Amino acid sequence: MQMSTKGRYGLRVMMELALHHGEGPISADVIARNQDLSSQYIHLLTNGLRTAGLIRAVRGPSGGYVLSRDPSQITAMEIVAALEGDLAPTRCVDDASVCARSGRCVARDLWGEVAAAIQGVLSGITLDQLAARHRARSGELPDYVI
């Protein structure tokens, strides 16, 4: 199982917005440059993120994208689900009718446990926590100004 580029890069876009939360809109070009992504792909990803209500677009010469909620209120699960859809590793986990063996299949039980573990990890981390990890890894000191 592999996460597609939509989920992986979408999480990076959202983390970039979290790192600059409260500083105003961040343009697609700035996000693209900071995250080594194409600005065309940024626009594709932001459509899904906007539809999910995770970001909003600000128009105008100093426009760009901003988080629609505080980064501490947005989980990795919300982001990945908005861009990837269902995260179950097999179709039978969410829809038992796709397989006649579903009711007695221990492999389906295992795939259900895998799906629950993925959802648990992604639901247990916020953008704020990811941004803090990024700052710690990059040597940025937190801003303690009140």
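Each reported figure results from applying straightforward, stated rules to the coordinates on display, with no laboratory input. Because the structure is predicted, anything quoted here is derived from the model rather than measured. FYI the Cβ positions are ideal-geometry reconstructions off the backbone, even for glycines, and counts take in every protein chain you see.
Things to note:
- Size of charge dipole - the chain - debye, nearest 20, with Cβ of Lys, Arg +1 and Asp, Glu -1, no other charges: 260
- Listed from fewest to most Cβ neighbours within 10 Å, the set GLU113, GLU84, GLU16 follows the order GLU113, GLU84, GLU16.
- Mean-position separation - Cα centroids, region 65-99 and region 28-56, in angstrom: 18
- Annotation: extensible slack from ALA52 through ASP86 equals 10.8 nm (criterion: 0.36 nm per residue apart, minus Cα-Cα distance).
- Shown in residue order for region 28-41 are the 3J(HN,Hα) couplings computed by the Karplus curve 6.51 cos²θ - 1.76 cosθ + 1.60 at θ = phi - 60°: 4, 5, 5, 4, 4, 5, 5, 10, 6, 10, 7, 5, 5, 6 Hz (x for Gly and Pro).
- Note on the chain: GNM, Cα springs under 10 Å; of ALA107, ALA132, ALA52, the largest mean-square fluctuation is that of ALA107.
- With the simple spin-label model, which puts each label point 7 Å out from Cα in the Cβ direction, the VAL121 to SER4 separation comes to 2.0 nm.
- Rg(Cα)/(2.2 N^0.38 Å) for the chain, N = residue count: 1.22
- Taking LEU83, LEU127, LEU37 in turn, the Gaussian network model of the chain (Cα-Cα springs below 10 Å) assigns the largest fluctuation to LEU37.
- DSSP-loop chymotrypsin sites (Phe, Trp or Tyr not before Pro) across region 57-146, with at most 11 other Cβ within 10 angstrom: TYR144
- Each of LEU49, SER4, ILE79 was placed along the dipole of the chain (beta-carbon charges, centred on the mean Cα), and the one lying farthest toward the positive end is SER4.
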